[in-house]
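These notes concern the structure reproduced below.
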Amino acid sequence: MSEHGVVYTTYKDETQIEQIKALMDVDLSEPYSVYTYRYFLNEWPQLTYLAHIGDEFVGAIVCKCDVHQGKTATMRGYIAMLAVEKEHRKKGIATELAKKAIEAMKKEGCEEIVLETELLNTAALRFYERLGFVKDKRLHKYYLNQGCAYRLKLYLNREIEIVE
């Protein structure tokens, strides 16, 4: 348990999907159907971490790891979703969720991790850059609202070093 009473666990079962979805729906750029959640949670339950205070979910990260066919086949991790309830931010919860997911993806054999975030979401960009992610590509009109995004990438050939 952390100093703020936060307990971290991995995804357990289908009974948690609605709570995860409700948490993500508040902050994510686009709404996802329950089928999107089931895709990630059923295939890679070990790569979803939840932050609880008592019975309440206050944060979650949802990820996957599989072979990416680029110039060469690479094991690639993907952070699909990360959210922390507004009143629980600035307590290190997102950082702890991300560190746990990154370490789990390393153990799965991932050589890199990617994600997308809105071009104008400077807080998210700073957060991921502190974790070692770099801007890999600008994605024009990536979101349904025509907003642009950056694809960020973390190369896993080095230790995670958080810059304060």
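The values are calculated or read from the model by the stated rules, or taken from the named source; none is laboratory data. Please read all numbers here as calculations on a predicted model, not as lab measurements. Cβ coordinates were reconstructed from backbone atoms using ideal geometry, including for glycine residues, and neighbour counts include every protein chain displayed. Keep in mind that these areas ignore ligands, DNA and RNA; they rest on the heavy atoms of the full protein, side chains included. Shrake-Rupley method; radii C 1.70, N 1.55, O 1.52, S 1.80 Å.
Less than 5 angstrom separates the built amide H of Gly59 from those of Ala51, Glu85, all sequence-distant by 5 or more or on a different chain. What does the net charge come to around Val84 if you take all other residues with beta carbon closer than 13 Å to its beta carbon, with K and R at +1 and D and E at -1? Here the charged neighbours net out to -1. Expressed as a whole percent, the accessible surface of the chain that belongs to carbon and sulfur atoms is 49, based on a 1.4 Å probe. With Cα atoms defining each centre, the stretch 1-30 and the stretch 117-141 are spaced 22 Å apart in the structure. Which residue, Asp136, Asp25, Asp55, has the most motion in a Gaussian network model of the chain that connects Cα atoms within less than 10 Å? Top of the fluctuation ranking is Asp55.
Write down the accessible area per residue of the chain in Å², having rolled a 1.4 Å probe over the full set of protein chains.
Value for the chain: 56 Å² per residue.
Remark: spin-label model distance Gln19-Phe127 equals 2.0 nm, labels positioned 7 Å along the Cα→Cβ axis. Note on Arg89 and Val134: the model spin-label points, each 7 Å out from Cα along the C-beta direction, lie 2.8 nm apart. Charging the Cβ of each Asp and Glu at -1 and of each Lys and Arg at +1, and nothing else, the dipole of the chain about its Cα centre rounds to 660 debye. Near the amide H of Met75, within less than 5 Å, lie the amide hydrogens of His68, Glu111, all on another chain or at least 5 residues away, with H placed in the peptide plane. Across the stretch 5-120, the mean sequence separation of Cα contacts (distance under 8 Å, 6 or more residues apart), normalised by length, yields a relative contact order of 26 percent.
For the chain, the equivalent ellipsoid derived from the alpha-carbon gyration tensor has semi-axes of 23, 18, 18 Å in decreasing order. Look at the dipole of the chain built from charges on Cβ: of Leu119, Tyr35, Ala94, the Cα furthest out on the positive end belongs to Leu119.
Could you give the size of the charge dipole of the stretch 1-52 about its Cα centre, using +1 on the Cβ of each K and R and -1 on the Cβ of each D and E, expressed in debye and rounded to the nearest 20?
In total the dipole reaches around 100 debye.
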